[in-house]
1. Please work out which one of (1) farther than 24 Å from Gly103 by Cβ; (2) in contact (Cβ under 8 Å) with a residue 40 or more places away in the chain; (3) in a helix (DSSP H, G or I) is the condition Thr12 fails and give its number.
2. If I ask for residues that are in a loop (DSSP other than H, G, I, E, B) and within 22 Å of Ala94 (Cα to Cα), which ones from segment 119-167 would you list?
3. Report, by residue number, each residue of segment 55-70 that is in a loop (DSSP other than H, G, I, E, B) and in contact with a His (Cβ under 9 Å, 6 or more places away or on another chain).
4. Can Gly139 be described as surrounded by fewer than 20 Cβ atoms within 10 Å (Cβ to Cβ), at pLDDT 95 or above and more than 12 Å from the chain's Cα centre (by Cα)?
5. Within the group Val101, Val116, Val82, which residue is assigned to a loop (DSSP other than H, G, I, E, B) and of a type in the set (A, V, I, L, M, F, W, C)?
6. Name every residue in segment 18-53 that is over 11 Å from the mean Cα position of the chain (by Cα) and crowded, with 17+ Cβ neighbours inside 10 Å, in order of residue number.
Amino acid sequence: MDAELDALARRTGHWLLERGWRLATAESCTGGWIAETVTAIAGSSDWFDSGWVTYSNAAKMRQLDVPAALLDTVGAVSEPVVAAMVQGALAHSAAQVAIAVSGVAGPGGGSPDKPVGTVCIAWAWPDESVRTFRFQFTGDREQVRRQAVIHALEGLLLADTPANSVP
């Protein structure tokens, strides 16, 4: 893991430990990269609970209780779906905070309304409503996925900021 991701994962772990919270992740386009980044840190079992890689819509429905009607209506790459994913991660874990990500990493799969680089991220914290944001990243598949990992973890650390703040 590179130095930037390592430092961000360590900062995330310290932040979670300070609050006595555990993290869960629900990932699609990042393929478990967020979970891999945080579990690369020794001692992360003290603050990381669990993670799901729900790449298919069927997995999102089966493992995270994302409603089929929601997927049919707005598609997997949408703020409502990542909101449902993050709530499902909390419901199926012992975590107090969660991150969910779904996107179009490319090089194919984009559409006019969801071009390659479109990534939706949701965050949930104790006693707060879920926050979501739609990003438009640039670069190749690896670069889009890496930006999603960074923004997902940085966004988690914004729990104490106004709801309109995004990384």
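The values are calculated or read from the model by the stated rules, or taken from the named source; none is laboratory data. Fair warning: this is a prediction, and the values are worked out from it, not measured in the lab. With ideal geometry, Cβ positions are generated from the backbone for all residues, glycine too; neighbour counts draw on all protein chains shown.
1. Thr12 satisfies all of (1) farther than 24 Å from Gly103 by Cβ; (2) in contact (Cβ under 8 Å) with a residue 40 or more places away in the chain; (3) in a helix (DSSP H, G or I) except (1).
2. Result: Trp125, Pro126, Asp127, Glu128, Ser129, Val130, Leu157, Leu158, Ala159, Asp160.
3. Residue satisfying the conditions is Asp65 alone.
4. For Gly139, the condition - surrounded by fewer than 20 Cβ atoms within 10 Å (Cβ to Cβ), at pLDDT 95 or above and more than 12 Å from the chain's Cα centre (by Cα) - is met.
5. Answer to the selection: Val116.
6. Of everything in segment 18-53, those that are over 11 Å from the mean Cα position of the chain (by Cα) and crowded, with 17+ Cβ neighbours inside 10 Å turn out to be Trp21, Arg22, Glu36, Thr37, Val38, Ile41, Ser44, Trp47, Phe48, Asp49.
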